[in-house]
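K.L.:
Can you read through this structure? Questions will come right after.
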Amino acid sequence: MVQLLSVDGDFSVPKEHAVYGELIRDLREADFLKFYRDMARIRRFDHEATALQRQGQMGLWVPAIGQEGAQIGSGYGVGPNDHIFPSYREHGVAITHGVDLMSIVKMYRGVNHGGWNPHETRFHLYAIVLGTQALHATGYAMGLNFEGRVGTGDPENDLAVITYFGDGATAEGDVSEALLFASINKTPQVFFCQNNQWAISSPVGTQTTVPIYRRGEGFGVPGIRVDGNDVLACYAVTKKHMDDARGGLGPTLIEALTYRIGAHTTSDDPSKYRDADEVAHWEARDPISRFEKFLRKQGIGQDFFDEVAHAGDVIAAEVREATFALTEPALENMFDHVYSEPHPLVEEQKAWLQKYESELGGHSSKPDDGVSYGGTR
Amino acid sequence: MSNSVELSIAKAINAGLAKSMRDNEKVLVFGEDVARLGGVFRVTEGLLDEFGDKRIFNSPIAESGIIGTAIGLAMRGFSPVAEIQFDGFIYPAFNQIVSQLAKLTNRSEGFLQMPVVIRVPYGGGIGAVEHHSESPEAYFAHTAGLRVVSPSNANDAYWMIQQAIESRDPVMFFEPKRRYWQKGQVNLDEAPQPLHSAATLRSGSDVTVVTYGPMVVTALQAAEVAATEGINLEVIDIRSLSPIDFNHIVESVKRTGRLIVAHEAGTFVSISSEIAAKIAELCFYHLEAPVIRVGGFDVPYPAAKLEELYLPDADRLMEAVDRVLAY
């Protein structure tokens, strides 16, 4: 397992991982501060989103608490023009590529099913059916091969793709098929598995008896395991293998060993299926406090941490305010993008509902605020 | 004078694919055994020689992977044409088709377009083993976000495949496999009509027979038989199963007052269920008889030695004609 930061925040590079250590030596203090700021920001946002769900402002929230190291580290290891195919918990990765957090709030509030522009953000829509996005990423990467956007050595030209999924998704056939298609086509691609130990209530042993980073070997995709709570290791390992992919060396499977500190979603009660001792064990390995220890050892003072804490409060207040300000979607939203080209049945049904609603004088009945639409997996 | 050639349906699809690939370099063709072999029905024969292995290539035998990667390629700006080798092999891809391909445009509020064509040889009548003779079109017609079409003759096959490829929406392209070798004149100059419109192939005043795909020929045969008995059948090939050109059917039924809907698939919750319901709604005061449906049975597609009993033929259509005229 690649680990560059000890639990106490001491940086050291084991000889066999020198290639990753070199990538950290290229970073400057400003990069370290950015990593910390974003991890703290996304955690503060996560707590605020959970509170908003509890207050009925969102149908559901999917917390990523505990996985900030894996997400911010890997997110910054992805090149600015590379494409990202997430699952549904990648809020941290999203902010590394400039996705507006309110897009994610809107989705979980039930305003839409996603609705951000993946061509613009290069961060694709959340995939709720597990593993499906891995195939989309592979297809996209095949397209890069066909276009000659791989292995030319021109940094303006070459691109790669990364897909995120969890330990639970590795059981889905689509992940295996994606590994196979990636290998056959030697795609410029990283498979990034956040093994957070739990798929709702099922421990990782329910999904696999082989370490996840070795699951690609049989398909011809080499794998590596990284400490997912070590933001520097996650950055370096992702950057190295994305660079290799862009350079035409083919796909890699990265398993980031981490832990879902929170519930699967706000509909879940993890106290029913796991021990408090286990949670405490992982809390002691928290990615943010570990990195804070590192930064303090680098001489970063209290002022910085105060500033980050204050910035978190500001963001939380902004998200809260923006959530309250969200308007209800127009009924047309249900119909307008089912097809790209006109479709008579959809047009007919839209016209019918518009007429029906206007005769009733607008929305006469709405579901109670705060009604949950249940869980996602 | 228009430029016309005689082609089989298989060759017409081949020619249509080649035309699209020549016109648009973003068109890719892939699936199981489509490259050197040309597919198990030879529909893609010769395309490898003309376009090379970056435009047409064999996929691993993994249908979900074929459609999932087609989606990714479409996101990158390609126009993938994926072949599913046989109707009964499409189900491993069902999740990618129904939950992803059909929904991504809606999920992205229009930012993503999905110009993907899925070619599926379908239907029975070739004496095949299990899973090679099915008619699964209703599953896909039921799914919002997909378009579903099926040509019945060579000219339509040539043009509809090109129109499907040009569509910015996903199109399920069901090919009537037992008619692959049926020849017809193909007008190479001019598309006959828009993709999602129906065609009247024979005019008549007594009974409207609506069908599509492999059953069109059967309906035309029944019309010949009926004519000898002094009964004039009007035969409509709907060509598009989603959306359905109801205006075309309504216009006919208002004249004839009688409607038979026929297909190979079992009739329970089928394309004919939808047409019967809709026509009852739209033509209530014009109908002289209930809408009668003629289809396969609601059983797993039978073993080859029983398929003649399963598949509706001209006699079964005539039995329905007698019933609908008895009112």
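K.L.:
What does the C-alpha gyration tensor say about the overall shape of region B:199-325? Classify as rounded when a/c is under 1.5, otherwise prolate if a/b is larger than b/c, or oblate.
P.N.:
oblate
K.L.:
While we're looking at this one, here's another question. For chain B, set up a Gaussian network in which alpha carbons nearer than 10 Å are linked by springs, and say which option among B:Gly123, B:Gly39, B:Gly266 fluctuates the most.
P.N.:
B:Gly39
K.L.:
A further question follows. Please arrange B:Tyr310, B:Tyr327 by how many other C-beta atoms lie within 10 Å of their C-beta, fewest to most.
P.N.:
Ranking B:Tyr310, B:Tyr327 by Cβ neighbours within 10 Å, fewest first, gives B:Tyr327, B:Tyr310.
K.L.:
For chain A, set up a GNM with springs between Cα atoms under 10 Å and report which of A:Arg215, A:Arg246, A:Arg54 has the largest fluctuation.
P.N.:
In this elastic network of chain A, the residue with the biggest mean-square fluctuation among A:Arg215, A:Arg246, A:Arg54 is A:Arg54.
K.L.:
Taking the Cβ of each residue in B:Cys283, A:Cys193 as the centre, tally the other Cβ atoms inside 10 Å and list the residues starting with the fewest.
P.N.:
Neighbour counts put them in this order, fewest first: B:Cys283, A:Cys193.
K.L.:
Taking beta carbons within 10 Å but only from partner chains, what does the mean come to for residues B:74-85?
P.N.:
Per-residue shielding by partner chains comes out at 3.
K.L.:
Here's another thing I want to ask about it. Fewest first, what order do A:Arg28, A:Arg296 take by the number of other Cβ atoms within 10 Å? List each step's numbers first, then the result.
P.N.:
Numbers: A:Arg28 8, A:Arg296 14.
In increasing order of surrounding Cβ atoms, one gets A:Arg28, A:Arg296.
K.L.:
Something else: Taking the Cα-to-Cβ direction at A:Val7 and at B:Ala326 and moving 7 Å from each Cα, how far apart do the two end points lie in nm?
P.N.:
Label-label distance for A:Val7 and B:Ala326, simple model: 8.3 nm.
K.L.:
Let me ask another. What are the aspartates and glutamates whose alpha-carbon lies under 14 Å from the alpha-carbon of A:Lys355, with same-chain residues fewer than 8 places away excluded?
P.N.:
A:Glu332, A:Glu347
K.L.:
Here's another thing I want to ask about it. Mind checking A:347-355 for the average number of partner chain beta-carbons within 10 Å of each residue's beta-carbon?
P.N.:
0
K.L.:
For peptide A:109-118, how many partner chain Cβ atoms fall within 10 Å of a residue's Cβ, on average?
P.N.:
The shielding value for this peptide is 4.
K.L.:
Here is a follow-up. On a straight-distance basis, which aspartates and glutamates could pair with A:Lys106 in a cross-link, Cα separation under 12 angstrom, same-chain partners fewer than 8 positions away excluded?
P.N.:
Straight-distance partners of A:Lys106: A:Glu328.
K.L.:
Please identify the GluC sites (Glu not before Pro) of region B:128-188 that satisfy two criteria: DSSP loop assignment and at most 12 other Cβ atoms within 10 Å. Which are they?
P.N.:
Those that pass, being in a loop and sparsely packed, are B:Glu130.
K.L.:
Quick one: if you stick a label point 7 Å off each Cα along the C-beta vector at A:His47 and B:Arg202, how many nm between them?
P.N.:
So the label points at A:His47 and B:Arg202 sit 7.7 nm apart.
K.L.:
Sticking with this structure for a sec: Which value at 222 nm does the protein assembly as shown reach when only helices count, each DSSP H run of 4 or more adding -39,500 (n - 2.57), with the total divided by all residues and rounded to the nearest 500 deg cm²/dmol?
P.N.:
After summing the helix terms and dividing by residue count, I get -12000 deg cm²/dmol.
K.L.:
Enumerate by residue number the trypsin sites (Lys or Arg not before Pro) in region B:29-59 meeting two conditions: DSSP loop (anything except H, G, I, E, B), and at most 16 other Cβ atoms within 10 Å of the site's Cβ.
P.N.:
Sites meeting the loop and neighbour criteria: B:Arg36, B:Arg42, B:Lys54.
K.L.:
Hydropathy at least 0.0 by Kyte-Doolittle, axial extent at least 27 angstrom from the Cα trace: which helices of chain A, defined as entire DSSP H runs, fit?
P.N.:
A:302-324
K.L.:
What nm distance separates the two modelled labels at B:Val269 and B:Leu282, each placed 7 Å from Cα along Cα→Cβ?
P.N.:
Result: 2.4 nm between the two label points.
K.L.:
DSSP loop (so not H, G, I, E, B), at most 13 other Cβ within 10 Å: list which GluC sites (Glu not before Pro) in region A:308-345 pass both filters.
P.N.:
A:Glu332
K.L.:
Quick one: of A:Lys15/A:Lys297; A:Lys186/A:Lys239; B:Lys26/B:Lys103; B:Lys26/B:Lys177; B:Lys19/B:Lys305; A:Lys239/A:Lys297, which pairs are farther than 30 Å apart, Cα to Cα?
P.N.:
As for pairs spanning more than 30 Å Cα to Cα, those are B:Lys19/B:Lys305.
K.L.:
Additional query: Under 13 Å from a label point 7 Å along Cα→Cβ of A:Glu348: give me every residue in region B:235-268 with its amide N that close.
P.N.:
B:242-251
K.L.:
Could you work out the per residue convex hull volume over the alpha carbons of region B:81-219, in cubic angstrom? The partial results should precede the final answer.
P.N.:
Details: hull volume 17.8 nm³, N = 139.
Taking only Cα atoms, region B:81-219 has a hull volume of 128 Å³ per residue.
K.L.:
How long is the gain from A:Ala322 to A:His119 if the chain were fully straight, where each residue apart is worth 0.36 nm and the alpha carbon distance is subtracted?
P.N.:
70.6 nm
Read-outs: derived from the displayed coordinates by stated rules, not from any lab. In this text, all values refer to a predicted model and were calculated from it rather than measured experimentally. Methodologically, a virtual Cβ is constructed for each residue, glycine included, from the backbone with ideal geometry; neighbour enumeration extends over all protein chains shown.
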